[in-house]
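Read through the structure below, which is laid out as structure tokens, and then see the notes.
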Amino acid sequence: MKKLIKCVIVLVILAGVMLFTCPEEERHIEKMTQEIVKSSQEDNEDAGFLESLGNAIAGTISEAVVKVYVKSQLKVDNYYVLNVGKMYYDGEKRVVTIGAFNHVFCLVKAYDLLDEIEQ
């Protein structure tokens, strides 16, 4: 009986911590934007100085555009102890992010989402 009570207390404490550390919707948008922009910039690593400067300026502009796109497409469902971000991906609505313990985890390869955006 004491083990059951201890287990229930631990679960209640864990649920309380998760409740107060559940990330906001904006964190999901930022994470997806960062992942997509980062994957698009990985292709340009062998560039010279001027090309790198141009890519940095274009990256800043593209980040703003990607953020607007992600904000319009991402829907975050809040389950109080965690939240789930969903987007249309490969023609169906899929879970792309999970937020818990004040952190957002990306579940899909951003490179695939970049291909989806370009279509």
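The values are calculated or read from the model by the stated rules, or taken from the named source; none is laboratory data. It should be emphasised that the depicted structure is a prediction, and the values quoted were computed from it without experimental measurement. Every residue, glycine as well, gets a Cβ built from its backbone with ideal geometry; the counts of neighbours run over all protein chains shown.
Key figures
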quantity	calculated
Of all residues in the stretch 72-106 being out of contact with any strand residue (DSSP E or B) (no Cβ under 6 Å at 6 or more places or on another chain) and not in a strand (DSSP E or B), the one that is modelled with the lowest pLDDT	Asp90
Cβ-Cβ under 6 Å pairs, at least 6 apart or on other chains, the stretch 18-41 side crowded, with 17+ Cβ neighbours inside 10 Å, far side of a type in the set (D, E, K, R) and at pLDDT below 95	Ile29/Lys71; Thr33/Lys67; Val37/Glu63
